[in-house]
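Report on the following structure.
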Amino acid sequence: MAAKAIRHADDLASAMAHLRRDESLAPLLDRVGTISTKPNPAPSPLHSLAEAITGQQLNGKAAQAIFGRFLALYGGCLSANAILETTEEKLRSVGLSAAKALAMHDLAEKANNGHVPTWALLRRMDDEAIVKQLTQIRGIGRWTVEMMLIFCLGRPDVWPVDDFAIKKAYGQLFGIAGPKPTEMKTRAETWRPWRSVVARYLWRSLDI
């Protein structure tokens, strides 16, 4: 069964009540304060995944600039057919690497084949089923799907232990240099079913 998205203040209140049972989280929660956990989906999963592919291994400004030029090829409205009709040379002209151009074509082909569900269908799928399905697309790994689960679908219990910023903030909070994913997973077991909320607090802690 798919998890419900975090949508309301009551959800966040329930998360806070649960997470405060772990006294080690109190400094993080108190320092960051109230955050928003409202889902913010892109116009389509195709759009979201195309943006993710574009942004890989790039800083934010460079990724935004390239994705803006990519969108401009289609008047701001992406479709699988339009991407498939765009040559690799044209895709590379807006700043995509050869590998990313191939990934865009694979994404579009799989979208045409029904392998990329709509938002409505994704909302009815559980987290691991979404990860399994979408990571079959070239250039899409688990981390990319986890970001979609958290920010676009608002799933409450995703714990992205391979995220660089999460590792950094987690290490700062617990005084651990280079925390290992296995240790992070073990400690986070008591935070279920609200691990996405902890992740959001950790990300936010790096900005204040």
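Every read-out reported here was derived from the displayed coordinates using simple, explicitly stated rules and does not represent laboratory data. Keep in mind that what you see is a predicted model, and the values were worked out from it rather than measured. Neighbour counts are summed over all protein chains in view; Cβ atoms, including those assigned to glycine, are modelled from backbone coordinates with ideal geometry.
How much length would be gained if the chain were fully extended between Ala120 and Thr186, taking 0.36 nm per residue of separation minus their Cα-Cα distance, in nm to one decimal?
Net length gain for the segment: 20.5 nm.
Within the range 162-189, name every residue whose backbone N is under 15 Å away from a label modeled 7 Å from Cα of Asp22 along the Cβ vector.
From the range 162-189, the list is 162, 166-176, 179-189.
If you line up the Cα atoms of the range 29-73 on their principal axes, what length do they span on each, largest first, in Å?
The Cα atoms of the range 29-73 stretch 44, 23, 15 Å along the principal axes, largest first.
With r as the distance between the Cβ atoms of Ala129 and Thr87 and R0 = 35 Å, compute the FRET efficiency 1/(1 + (r/R0)^6) and round to 0.05.
Calculated value: 0.55.
For Val32 and Ala98, calculate 0.36 nm times their separation in residues minus their Cα-Cα distance, and state this gained length in nm to one decimal.
19.7 nm
Report the FRET efficiency, 1/(1 + (r/R0)^6), for Gln57 and Ala13, where r is their Cβ-Cβ distance and R0 is 30 Å, rounded to 0.05.
Using R0 = 30 Å, I get an efficiency of 0.20.
Quick check on the exposure proxy: order Lys132, Lys100 from fewest to most C-beta atoms within 10 angstrom.
Lys132, Lys100
Only helices at least 20 Å long along their own axis, judged from Cα atoms, and with Kyte-Doolittle mean hydropathy of -0.5 or greater: name those in the chain from DSSP H.
Membrane-span-like by this rule: 98-112.
Please list, or write none, the lysines whose alpha carbon is within less than 24 Å of the alpha carbon of Lys185, excluding same-chain residues fewer than 8 places away.
In chain and number order, the partners are Lys4, Lys132, Lys167, Lys168.
Can you give the FRET efficiency to the nearest 0.05 for Gln136 and Lys4, using r as the Cβ-Cβ distance and R₀ = 25 Å?
Computed FRET efficiency for Gln136 and Lys4: 0.45.
Determine how many Å³ per residue the convex hull of the Cα atoms of the range 87-208 encloses.
Convex hull volume per residue, Cα atoms: 134 Å³.
Let me check I have the definition right: for the chain, take the eigenvalues of the Cα gyration tensor, multiply each by 5, take square roots. What are those semi-axes in whole Å, largest first?
Working through the eigenvalues yields semi-axes of 33, 19, 15 Å.
Please report the relative contact order for the range 45-152, taking Cα pairs under 8 Å with a sequence separation of at least 6, and give it as a percent rounded to a whole number.
Relative contact order comes out at 29 percent.
Tell me the Rg and the Dmax, in Å, that the Cα atoms of the range 1-119 produce.
My reading of the Cα-based Rg and Dmax gives 19.1, 55 Å.
Could you tell me the distance between the Cα centroids of the range 183-208 and the range 42-96, to the nearest Å?
Cα centroid of the range 183-208 versus Cα centroid of the range 42-96: 30 Å apart.
Please compute the contact order of the range 2-106 in relative form: average sequence separation of alpha-carbon pairs under 8 Å and at least six residues apart, divided by the residue count, as a percent.
That works out to 21 percent.
Once you keep just the Cα pairs under 8 angstrom separated by 6 or more residues, what percentage relative contact order results for the chain?
Rounded, it is 28 percent for the chain.
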